[in-house]
Amino acid sequence: MIKEEGEKILTYEDVTTGIQRMWTVKAKAVPITTGATGTISKSLRQYLSNIPGRHKIKELHITAILGTAPILRVVLM
């Protein structure tokens, strides 16, 4: 999970820089990674605290599973 978080931060670094330049605002990439078996990183709660609003980890898991299902259907059929 730590490796995936690092990869996401590096991947979206260019996007973050582009947003900052285009709209002259501060932007920060917040990696949200959940495993298919329900695993989460130790720093997930800290990252979620950077995003305004209330967030439930259970809902993040459901969203991840629903997003993965169509991909699996295409690959397995």
Task: Spin-label pair residue 45/residue 27, simplified geometry with 7 Å Cα→Cβ offset, distance in nm - done: 3.0
Task: At least 15 Å along the helix axis (C-alpha) and Kyte average at least -0.5, DSSP helices within the chain - done: 57-76
Task: 20 °C / 1.002 mPa s Stokes-Einstein diffusion coefficient of the chain, Kirkwood radius on C-alpha pairs, µm²/s - done: 150
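None of the figures in this text is laboratory data; all of them are computed from the coordinates on show. Here the structure is a predicted model, which means the values were calculated and not measured. Ideal geometry is used to build each Cβ from the backbone, glycine not excepted, and the neighbour counts take in all protein chains shown.
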